[in-house]
1. Which residue out of 356, 363, 343 is in contact (Cβ under 8 Å) with a residue 60 or more places away in the chain, assigned to a helix (DSSP H, G or I), under 30 Å from residue 296 (Cα atoms) and under 23 Å from the mean Cα position of the chain (by Cα)?
2. Taking only the stretch 138-174 into account, find how many residues are in a helix (DSSP H, G or I) and either in contact with a strand residue (DSSP E or B) (Cβ under 8 Å, 6 or more places away or on another chain) or under 21 Å from residue 128 (Cα atoms) (or both).
3. Tell me yes or no: at least one residue of the stretch 108-118 is out of contact with any strand residue (DSSP E or B) (no Cβ under 8 Å at 6 or more places or on another chain), on the phi > 0 side of the Ramachandran plot and touching a residue at least 40 places away in the same chain (Cβ under 8 Å).
4. Considering (1) closer than 21 Å to residue 99 by Cα; (2) crowded, with 20+ Cβ neighbours inside 10 Å, say which one residue 154 fails and leave the rest.
5. Being outside any helix (DSSP H, G or I) and either within 22 Å of residue 319 (Cα to Cα) or modelled with pLDDT under 95 (or both), is that true of even one residue in the stretch 253-262?
6. Mind telling me which of the residues 222, 217 ends up being in contact (Cβ under 8 Å) with a residue 24 or more places away in the chain and either more than 28 Å from residue 84 (Cα to Cα) or assigned by TED's automatic domain parsing to the domain that holds residue 101 (or both)?
7. Could you tell me which residue of the stretch 192-205 is surrounded by the fewest Cβ atoms within 10 Å (Cβ to Cβ), considering only residues that are out of contact with any helix residue (DSSP H, G or I) (no Cβ under 9 Å at 6 or more places or on another chain) and touching a residue at least 60 places away in the same chain (Cβ under 8 Å)?
8. Can you tell me which residue is nearest to the chain's Cα centre (by Cα) among those in the stretch 315-333 that are assigned to a helix (DSSP H, G or I) and crowded, with 22+ Cβ neighbours inside 10 Å?
């Protein structure tokens with residue numbers, strides 16, 4: 001339950017939580033200094049029980065894929081199979097903050113826990129979930145563009161929680177998104193048998209690698225200008241999930257914005273002597289629809305033929321869906337994805353290169369699985385690390401002659417030969 005304490009912070013009414021301080025994550029630098037001092041002295045922790053028990057309210061966000069964030073190469077996660085199965089893994093470590101990001105909220109910061117949970121200070125503005133969602137996904141977009149695959153945080157994967165002054169974040173809240181549910185179950189050791197296997201050998205990344213990708217992503221996005229960053233993340237996330245229409249719409253929304261930026265830079269302001277009348281003419285969207293703008297950019301030799309054709313195909317598929325309800329195919333969504341990133345590369349490189357974001361496109365397409373049926377009738381067990389027996393059902397070899405409920409009306413019947421070719 002939230003109640004406003006002041007204009008800058010929100011307070012949770014929780015029986016076990018003390019009064020939060022006005023300064024929330026801004027104390028990150030002080031904590032890091034204390035940690036360094038303790039490390040130099042050969043001790044861990046803060047040695048002050050009062051400080052250990054102090055907590056501040058936070059907003060949390062979870063996303064896929066699961067990736068643990070290591071402080072350095074000496075910071076490891078290596079539970080044994082038995083420890084994972086018995087739920088004897090280091091659940092405390094999953095709560096620990098691994099790093100902090102400057103996201104332009106000075107003096108506040110955004111944090112990431114060891115298990116990948118994102119943490120924002122519970123500022124008054126984040127009482128609006130949409131603002132917290134936008135901040136989480138804007139940061140993840142920068143990381144994605146920097147070369148580390150991330151999917152979007154969804155509204156149901158946002159919760160509230162508390163952060164101790166020693167840097168351990170707990171998740172509360174009643175939301176039950178898939179990513180949030182997994183992290184909450186793993187942190188509380190209430191995780192199911194199948195999900196425990198995800199903790200055995202999860203993907204990892206060091207803090208240094210994470211910040212490197214963030215810096216690189218910001219640098220590339222900075223060359224593009226103002227574009228709807230979260231739309232990029234939604235577009236790639238939906239593509240991996242095989243939601244072609246949603247992916248196409250989000251990628252095309254980003255593409256249209258990039259086209260507008262290119263139009264302003266290379267057509268409207270191409271000449272210093274632009275009269276007000278001509279400026280008004282070039283800014284008239286009725287006279288210059290996207291199709292016409294693409295044609296002009298192509299005629300000015302700014303767009304390669306292949307990129308131009310992909311953009312045009314994506315534009316037509318978007319219009320067919322928006323105006324006629326014709327669902328786009330995977331090919332349409334794939335062209336929209338590739339065309340958007342090629343156009344972004346051209347704009348970021350002064351229309352000299354189309355491959356700046358090639359790695360991102362490969363990452364996204366490489367994670368897109370469209371097959372329903374297995375490629376082989378027999379499963380490949382070469383990479384299998386663990387397995388367990390599946391409870392039998394009637395018809396299985398190990399069901400035996402046990403009784404079961406059989407309803408005649410729902411039993412399968414042979415289809416006549418003449419009807420099988422339909």
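The values are calculated or read from the model by the stated rules, or taken from the named source; none is laboratory data. Since the model is a prediction, treat every value here as computed from it, not as a measurement. Please note: Cβ atoms are built from the backbone with ideal geometry, for glycine as well, and neighbour counts cover all protein chains shown.
1. Values: 356 fails: assigned to a helix (DSSP H, G or I); 363 fails: under 30 Å from residue 296 (Cα atoms).
On inspection, the qualifying residue turns out to be 343.
2. At the first step, the residues of the stretch 138-174 found to be in a helix (DSSP H, G or I) are 138-145, 155-157.
Checking which are either in contact with a strand residue (DSSP E or B) (Cβ under 8 Å, 6 or more places away or on another chain) or under 21 Å from residue 128 (Cα atoms) (or both) leaves us with 138-141, 155-157.
The total comes to 7.
3. Looking only at the stretch 108-118, we keep the residues that are out of contact with any strand residue (DSSP E or B) (no Cβ under 8 Å at 6 or more places or on another chain), and these are none.
No, there is no match, as no residue in the stretch 108-118 is out of contact with any strand residue (DSSP E or B) (no Cβ under 8 Å at 6 or more places or on another chain), on the phi > 0 side of the Ramachandran plot and touching a residue at least 40 places away in the same chain (Cβ under 8 Å).
4. Only one criterion is unmet by residue 154, namely (1).
5. no
6. Details: 222 fails: in contact (Cβ under 8 Å) with a residue 24 or more places away in the chain.
Step by step, each of 222, 217 is checked, and only 217 is in contact (Cβ under 8 Å) with a residue 24 or more places away in the chain and either more than 28 Å from residue 84 (Cα to Cα) or assigned by TED's automatic domain parsing to the domain that holds residue 101 (or both).
7. The residue in question is 203.
8. If we filter the stretch 315-333 for residues that are assigned to a helix (DSSP H, G or I), which is where we start, we get 315-324, 330-333.
Next cut, crowded, with 22+ Cβ neighbours inside 10 Å only: 317-318, 332-333.
Working: 317: 25, 318: 24, 332: 22, 333: 19 Å.
It comes out as 333.
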